[in-house]
Amino acid sequence: SSGINAEYGEAEAKRMEEKLAEEAECRKQFKASPIPPSTFENKLKAIQQKQLERRERVKADSKALTKALQKPFSFENRAAIKRSRSLSALDGESPKQQSQRFSARPFPHHLFDGEVEEKMKEEEAYRNIRLKMRAEQLLAESDLPSSMKRHALHYTDGRIRRAVQEEKEQRAHLTEEHTFSPVIRNFIPDFELLHKQEEEALARRQIAKPTTVVEPFALRTEILAECKKRAPKPPE
């Protein structure tokens with residue numbers, strides 16, 4: 001029992017220490033650290049400014065280097081130098097070398113004639129005709145695969161059977177007694193003239209229509225009233 005009490009006392013002391021440590025931690029006051037000044041700096045703008053200054057510096061250095069390496073140049077001077085070189089070369093050549101220089105022969109006159117173009121067009125037309133005839137020949141000699149051919153035959157036979165069936169259904173209600181055939185007119189009537197004739201006939205019918213003749217008649221209202229007065233009254 002003494003060992004159990006000692007263990008219990010140690011556990012209780014440990015629990016009290018943890019509780020005191022927690023209370024001391026809770027009593028501590030939190031204080032946030034201040035915001036560093038670098039947070040308010042616009043670093044992106046500073047980086048962009050540095051890059052712009054670097055580009056301008058590199059551009060200026062490149063221009064200066066190009067101007068330093070540049071030599072004075074003139075088209076007139078270059079043409080004069082080439083001309084003097086060619087003349088000096090011609091003067092220094094021997095008659096044999098001058099005779100061996102390349103000289104192009106002139107174009108044949110038939111190349112600029114219209115016959116060549118007409119011949120090319122004719123050959124192109126013949127070529128198109130041969131291609132068309134060859135395509136028609138291949139189409140006539142071609143054949144469908146066996147499976148597609150069977151499908152095509154079934155499709156064609158089905159269309160024929162359907163057409164025959166539709167014709168039978170259309171003639172199902174007709175017999176030999178039905179010999180009526182409508183009259184088909186091959187001209188267009190003058191509708192304006194027919195309308196005018198119809199209006200004239202209507203006007204004539206309205207004129208010829210007999211009117212009602214009024215005949216004299218007599219009302220017997222007064223006589224009926226006197227007869228009612230003279231009539232004997234029914235017994236009460």
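The values are calculated or read from the model by the stated rules, or taken from the named source; none is laboratory data. Computed from a prediction, not measured in an experiment: that's the story for all the values here. Here the Cβ is made from the backbone with ideal geometry for all residues, glycine too, and neighbour counts use every protein chain on show. The protein model used for the area step is the full one, side chains on, heavy atoms only, and it has no ligands, DNA or RNA in it. Shrake-Rupley method; radii C 1.70, N 1.55, O 1.52, S 1.80 Å.
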Reach of residue 19 by Cα under 21 Å, taken over lysines that are not fewer than 8 positions away in the same chain: 28
Karplus (6.51, -1.76, 1.60) ³J(HN,Hα), θ = phi - 60°, over segment 22-31, in Hz, Gly and Pro reported as x: 5, 5, 5, 5, 5, 6, 5, 9, 7, 9
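To the nearest 0.05, how large is the calculated FRET efficiency for residue 132 and residue 156 if R₀ is 22 Å and r is the Cβ-Cβ distance?
0.20
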Net charge over other residues, Cβ less than 14 angstrom from the Cβ of residue 128 (K, R count +1; D, E count -1): +1
Accessible area of residue 188 in the full protein assembly, 1.4 Å probe (Å², nearest 10): 150 Å²
Overall form of segment 181-228 per C-alpha gyration tensor (a/c, 1.5; a/b vs b/c): prolate
Calculated from backbone phi, Karplus (6.51, -1.76, 1.60) coupling profile of segment 191-199 in Hz, x at Gly/Pro: 5, 5, 5, 5, 5, 5, 4, 5, 5
Solvent-accessible area per residue for segment 119-206 (1.4 angstrom probe, square angstrom): 105 Å²
Phi to ³J(HN,Hα) by Karplus 6.51 cos²θ - 1.76 cosθ + 1.60 over segment 210-222, Hz, x for Gly, Pro: x, 8, 7, 9, 7, 10, x, 8, 10, 8, 9, 5, 5
Inter-label distance for residue 209 and residue 49, nm, one decimal - labels placed 7 Å from Cα along Cα-to-Cβ: 10.7 nm
